[in-house]
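Worksheet for the structure shown next.
The values are calculated or read from the model by the stated rules, or taken from the named source; none is laboratory data. What you see is a predicted model; the values in this text were computed from it and never measured. Cβ coordinates were reconstructed from backbone atoms using ideal geometry, including for glycine residues, and neighbour counts include every protein chain displayed.
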Amino acid sequence: MTIYTDLVAHAEMMKTKHMRDLFAADPNRFQKFHVTFGEFLLDYSKNHITDETMTLLQRLAHESGLAQARQDMFEGKRINTTENRPVLHIALRNRDNHPIYVDGHDVMPEINMVLDKMHVFSDDVRQGKWIGATGKTITHVVNIGIGGSDLGPAMAMNALAFYKTKDIQFHFVSNVDGTDIVETLKKCPADRTLFIISSKTFTTQETLTNAQTARAWLVAQLGEEAVSRHFVAVSTNIEAVRAFGINPENMFVFWDFVGGRYSMWSAIGLSLMIGIGYDNFIDMLTGAYEMDQHFLTAPFDKNMPVLMGLIGLWYTTYLGAESYAVLPYDQYLNRLPAYLQQLDMESNGKSVQKSGMPISYHTGPILFGEPGTNGQHSFYQLIHQGTHLIPIDFIAPIHSLNETGDHHPILLANVVAQAEALMRGKTAEEVRDEGTPESLIPFKIFQGNHPSNMLLFDKMTPRVFGSLIALYEHKIFVQGVIWKVNSFDQFGVELGKQLAKTVLKEIKDYSQNLNHDSSTNALIQKIREKRHP
Ligand code: F6P
């Protein structure tokens, strides 16, 4: 018997159990299945697990070489094998500053240098020392980027909005749909606006198109010489930045060992640092560092990212779940599900092992979510009474940064009650006892047995936030290792980009012959007819 067949057999047995009965049989269930770290409490008792499940899953982690893989990442080994790169977002928050070597070269001095440069620049902007071409201070910052060069800082800016300066407005433009940039520019006075062009490669079509539009808008109002006071770049590609017309002195670098979706800790976080200030940004890095250390050193049965990773893959690979919901009961985390969609689905949405062998099991789940309680009035119906198995992460602060009347107790009551309702459900007898007419009883039954994790923390601070995001990064890493995929490439985004180049030419140039399938040909033809009648 391999660990895989053991888990398959165990999964068949677990499908016959109801969590209601597991709780009834063991008053210590919460005690056994929760873990704390810093300010966090992770209650994972409302899952389809027993002691045996957890023993088997930890055996899976050991036999999959998780400890070695983790070590390899932290030591700068080239674990992104298809791109032959180390994976060192952890170096960006290495707050004890120990050397981290890539090919014998310590990366920490460069990382610290960029952090210092960001510090000076963000202070200058915040304190009105960095002035625009006409001598005015900056009141609007526009980050232009997409994917990891947008979602990280945008999500973090919302999460830490409580700590943000009130003197500057922040905008994030990502979509190549002209509406995004046009509507944003309407809100910005050119002489008081700073554009941060964020792109790891500086070749991304959406970002460069938006950046060119912003540049033309600025030049039309303030002239060419104003560009150097109103545009800075964050990138790994100095030549492309120079070619765009941004002075490399106004460039903040990062490195190819930082993946796009893992880059909010790097200079990609420049807009965030301007927003919340250097000290808060460092607190966020500290929180992430603390989670890194926990991940690196805690035994698997006390290790939050390991436990969350194992439980997640238990559902995806062994119990047939296809999706997974992240439901933050914290308005500040309203962009977290969108951020995690990229982090998780771009990392583990793979069907080939690192070895090149095709995969015969399910890997990364379809992730979705909305903040509570909004989601309760929308898709929770399907979670409670639909036919799908959807594991959930509930996330909630025990204190609000905006304690107002009964708002927060109501919010907390809802998150706790949802987890309870999903777990226990409501039987036919219970429905009948409420006096429900017989004909309605089938519709009012809740099967229950819907699993969830509950992640509580005291209140949202930069440090807690840093730990939270690092927790998810490592959880996804754990799953990637066990699924044997490379979590750090994203070739799946290439084909659409490539075909779009051909289609763009055909939409713009009538004379091009169309050689696609009949559907694609007809769609292009329709667009041509309507756009150039
Ligand atoms: O969509 C693919 C992707 O490469 C993401 O991984 C990345 O975060 C995003 O595009 C933006 O890339 P860049 O920062 O190079 O503009």
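This table checks each residue for (1) of a type outside the set (Gly, Ala, Ser); (2) assigned to a loop (DSSP other than H, G, I, E, B); (3) touching a Lys or Arg at 6+ places or on another chain (Cβ under 9 Å); (4) crowded, with 17+ Cβ neighbours inside 10 Å.
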{"residue": "LYS17", "(1), (2), (3), (4)": "yes, yes, no, no"}
{"residue": "ASP21", "(1), (2), (3), (4)": "yes, no, no, no"}
{"residue": "ALA24", "(1), (2), (3), (4)": "no, no, no, no"}
{"residue": "VAL35", "(1), (2), (3), (4)": "yes, no, yes, yes"}
{"residue": "HIS48", "(1), (2), (3), (4)": "yes, yes, yes, yes"}
{"residue": "GLU52", "(1), (2), (3), (4)": "yes, no, no, no"}
{"residue": "LEU60", "(1), (2), (3), (4)": "yes, no, no, yes"}
{"residue": "GLN68", "(1), (2), (3), (4)": "yes, no, no, no"}
Quick check on the range 251-265: of everything there that is away from the ligand (no atom under 11 Å from the Cβ) and in a loop (DSSP other than H, G, I, E, B), which residue is farthest from the chain's Cα centre (by Cα)? TRP255
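Here's the yes/no breakdown for (1) modelled with pLDDT under 95; (2) in contact with a strand residue (DSSP E or B) (Cβ under 7 Å, 6 or more places away or on another chain); (3) surrounded by 15 or more Cβ atoms within 10 Å (Cβ to Cβ):
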residue: ASP393; (1), (2), (3): no, yes, yes
residue: SER400; (1), (2), (3): no, no, yes
residue: GLY405; (1), (2), (3): no, no, no
residue: PRO409; (1), (2), (3): no, no, no
residue: ALA417; (1), (2), (3): no, no, no
residue: ASP433; (1), (2), (3): no, no, no
residue: THR436; (1), (2), (3): no, no, yes
residue: ASP458; (1), (2), (3): no, yes, no
residue: THR461; (1), (2), (3): no, no, yes
Looking at (1) without any contact (Cβ under 8 Å) to a residue 60 or more places away in the chain; (2) over 22 Å from the mean Cα position of the chain (by Cα); (3) under 30 Å from GLY259 (Cα atoms), which one does TYR361 not meet, given that it meets all the others? (1)
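Please go through the range 322-352 and give me each residue that is of a type in the set (Ser, Thr, Tyr) and more than 15 Å from the ligand (Cβ to nearest atom), ordered by number.
Within the range 322-352, SER323, TYR324, TYR329, TYR332, SER351 meet the criteria.
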Looking at the range 305-336, which of its residues are closer than 30 Å to THR50 by Cβ, of a type outside the set (Phe, Trp, Tyr), part of a helix (DSSP H, G or I) and in contact with a strand residue (DSSP E or B) (Cβ under 9 Å, 6 or more places away or on another chain)? LEU307, MET308, ILE311, GLY312, THR316
Working only within the range 483-533, note down all residues that are under 30 Å from PRO365 (Cβ atoms), acidic (Asp, Glu) and surrounded by 12 or more Cβ atoms within 10 Å (Cβ to Cβ). ASP489
Matching option when the condition is free of Cβ contacts under 8 Å to residues at least 40 places away in the same chain, over 27 Å from ILE3 (Cα atoms) and not in a loop (DSSP other than H, G, I, E, B), among MET113, MET118: MET113
Among residues of the range 138-156 being touching a Phe, Trp or Tyr at 6+ places or on another chain (Cβ under 9 Å) and aliphatic (A, V, I, L, M), the residue farthest from the ligand (Cβ to nearest atom) is ILE138
Is the range 127-139 home to any residue that is part of a helix (DSSP H, G or I), touching a residue at least 12 places away in the same chain (Cβ under 8 Å) and more than 30 Å from ASN402 (Cβ to Cβ)? no
Give just the number: which of (1) closer than 28 Å to GLY76 by Cβ; (2) surrounded by 15 or more Cβ atoms within 10 Å (Cβ to Cβ); (3) acidic (Asp, Glu) does ASP96 not satisfy? (2)
When you scan the range 494-509, do you find a residue that is touching a residue at least 40 places away in the same chain (Cβ under 8 Å), closer than 30 Å to LYS77 by Cβ and either touching a strand residue (DSSP E or B) at 6+ places or on another chain (Cβ under 7 Å) or of a type in the set (Phe, Trp, Tyr) (or both), even just one? no
The lone condition PRO248 fails out of (1) under 30 Å from ASN94 (Cβ atoms); (2) more than 16 Å from the ligand (Cβ to nearest atom); (3) touching a residue at least 60 places away in the same chain (Cβ under 8 Å) is (3)
Filter pass, TYR289 being hydroxyl-bearing (Ser, Thr, Tyr) and either touching a Cys at 6+ places or on another chain (Cβ under 8 Å) or over 25 Å from VAL481 (Cα atoms) (or both): no
Among (1) on the phi > 0 side of the Ramachandran plot; (2) in contact with a strand residue (DSSP E or B) (Cβ under 9 Å, 6 or more places away or on another chain), GLY223 falls short only on (2)
Inside the range 277-310, can you point out the residues that are farther than 20 Å from GLY38 by Cβ and buried (at least 24 other Cβ atoms within 10 Å of the Cβ)? LEU310
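Taking ILE268 as the residue in question, decide whether it is closer than 30 Å to ASP72 by Cβ, assigned to a helix (DSSP H, G or I) and within 15 Å of the ligand (Cβ to nearest atom).
So ILE268 passes the test.
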Go through (1) in contact with a Gly (Cβ under 7 Å, 6 or more places away or on another chain); (2) within 16 Å of the ligand (Cβ to nearest atom); (3) of a type in the set (S, T, N, Q) and name the single condition THR286 misses. (2)
Among helices (runs of 4 or more DSSP H) completely within the range 364-434, the ones holding 1 or more residues that are touching a helix residue (DSSP H, G or I) at 6+ places or on another chain (Cβ under 6 Å) and without any contact (Cβ under 8 Å) to a residue 40 or more places away in the chain are 428-433
